[in-house]
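Undergrad: Take a look at this one; I'll ask things after.
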Amino acid sequence: MNADPRVMEHFLAPLSREESDAAAARIARHFDQHGFGLWSVEVPGVVPFAGFVGLACAADSYRDHENAKTRRQHEEDRFVQTGLRVPSCFRDFVVPARSRQ
């Protein structure tokens, strides 16, 4: 999913397998540190993993971001953000068309 250019169109670039695995490890650590985070989504009988949704501290999300200035700004202004990422085949079902414009 993280390697799909359509899914990652609002990010710097699609992720390699190693980068995606590192992101999953950060999500797990976030749960341990904060008691909340991003949850995996499944569609029973259709697909065991259909993306993720939840809440995350923005500074934690940007910790490994390539842009140091952006990372510093987010670390100074800690806030919780919503997260949603789904494969492009499910996009029309969960992301309103108005949000994709």
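Derivation of every value follows stated rules applied to the coordinates shown; laboratory data play no part. Since the structure is predicted, the reported quantities are computational estimates derived from the model, not experimental observations. So basically every Cβ, Gly included, is an ideal-geometry build from the backbone, and we count neighbours across all protein chains shown.
Undergrad: If you scan segment 1-21, which residues turn out to be surrounded by 13 or more Cβ atoms within 10 Å (Cβ to Cβ) and part of a helix (DSSP H, G or I)?
TA: Across segment 1-21, the qualifying residues are Glu19, Ser20.
Undergrad: Another question, if that's okay. Name the pairs whose Cβ atoms lie under 7 Å apart, with the first residue in segment 25-38 and of a type outside the set (Ser, Thr, Tyr), the second assigned to a loop (DSSP other than H, G, I, E, B) and surrounded by 13 or more Cβ atoms within 10 Å (Cβ to Cβ), and 6 or more positions between them or separate chains?
TA: These pairs meet every condition: Ile27/Gly37; His30/Gly37; Phe31/Gly37.
Undergrad: Now for a separate question. Take segment 5-24 and flag every residue that is of a type in the set (D, E, K, R) and either free of Cβ contacts under 8 Å to residues at least 60 places away in the same chain or over 14 Å from Cys89 (Cα atoms) (or both).
TA: Keep residues of segment 5-24 that are of a type in the set (D, E, K, R), which gives 6, 9, 17-19, 21.
Listed by number, the residues that qualify are Glu9, Arg17, Glu18, Glu19, Asp21.
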